[in-house]
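Trainee: Can you keep this structure in mind? I'll have questions shortly.
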Amino acid sequence: PRVALATTPQLAEGMRVQKRRRRLLAFCLLASLVCFASRARDAFVQTFRWAPHISARPTRGWPTPLFAEGDTSSVADYPLPREASAGVAVMHDAADAAPAEAASAEAPPAEAAPAEAEAAEAEAEEAASDAAPAEADLEEAPRGILPVFQELNVTSNTTVTGLKRAIIGVFTAGERAVDLVSMHPHGKGILMYALAALPQKFNSAAQLLIRRRDRRMRIRVYQYFRPEPDQDQQEMWLGKNTTSTALAAAIFTKFVDVAGNSLAGSVMMKLRGKNRAAVALQAIEQAVQKTYREITFAPAFAAKAEPDTEESGSRDAVNIMEVQLFAT
């Protein structure tokens, strides 16, 4: 028996889907062919630099340049026709390129060209002769960042007397300030004792600088830079068990209140021994960070006792150090 082929709705839908797919595939192939042809054309043009037969505007015998406006490529890359190359001299200046407007201007007469060339050569020789000694006098730029003031490194072998003499030498030479760099973690007491031993004629004071990447403590010592203290300034004594954190908190309460308002202008701090001096220096650094103020300090030794006295209090008075703190 014969089987009747009837087109069902499902079969008809499938045929329509296949037709759509074929059309879409043909469209994609055509688009890819057009894109390939365009890229091949661009590659051909870039290879041969010019294509007069595809130019849309009249060229008058000149090739079509393919460089955008402001391109630094040389004009000599374009081949010149025989008609245009006859009697034309192309001059290139790599340092100063003439604008297009100047290039289109009329050429000067032939008689003035040699004179202008000689004048240009003379000016170039004079400029070279003037620049030669200046270049010879130039020195090579130093590497790194140079310090603003002279720096004195304080190591484990540095003594109080040696550091004091070095600071006095810098001040005597006429420097306004000097930076002390602590190269040893246990040399902070030497810094305070050397500052306290400076002569009173310099009227010196010091400020702690922000630490750099090397994490070393730096103190900038100024001469003739000591503020006037308050008349009723408070005094603080450093005990044996005083820590730098507790002392910094005490200094904070003297200079700034809870709301951040400024209170006292100066505070007197008394201590004895290099260990307590190191603690005081660390506390001053922490106080600067907490109060957001510039704190200037001026250490000095208290008045010495009479040589004929034998009391313990009089003998201890020689070693007492007074540190004036100023919230500037």
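The values are calculated or read from the model by the stated rules, or taken from the named source; none is laboratory data. Just so we're clear, the structure is a prediction, and the values are computed from it rather than from any experiment. For neighbour counting, all protein chains shown are included, and Cβ atoms are generated from backbone atoms with ideal geometry for every residue, glycine included. In case anyone asks, the SASA skips ligands and DNA or RNA and just uses the protein heavy atoms, side chains included. Shrake-Rupley method; radii C 1.70, N 1.55, O 1.52, S 1.80 Å.
Trainee: Modelled label-to-label distance, residue 161 and residue 232, 7 Å Cα→beta-carbon offset: nm?
Mentor: It is 4.5 nm.
Trainee: Can you list the lysines whose alpha carbon sits under 25 Å from that of residue 164, skipping same-chain ones fewer than 8 residues off?
Mentor: Leaving aside lysines fewer than 8 places away in the same chain, those within reach of residue 164 are 188, 201, 270, 274, 304.
Trainee: What's the carbon and sulfur percent of the stretch 163-240's accessible surface, probe 1.4 angstrom, rounded to a whole number? Don't skip to the answer; put the middle values down first.
Mentor: Values: 2120 of 4480 Å².
Of the solvent-accessible surface of the stretch 163-240, carbon and sulfur hold 47 percent.
Trainee: Just the accessible area per residue of the stretch 226-296, please: how many Å² with a 1.4 Å probe?
Mentor: Result: 57 Å² per residue.
Trainee: Hey, another quick one. If R₀ is 22 angstrom, what is the calculated FRET efficiency for the pair residue 216 and residue 294, using the beta carbon separation as r and rounding to 0.05?
Mentor: Taking R0 as 22 Å, the efficiency between residue 216 and residue 294 is 0.65.
Trainee: Between residue 28 and residue 43, how many nm apart are label points set 7 Å from Cα along the C-beta direction?
Mentor: 2.2 nm
Trainee: In nm, what is the difference between 0.36 nm times the number of residues separating residue 301 and residue 11 and their Cα-Cα distance?
Mentor: 93.4 nm
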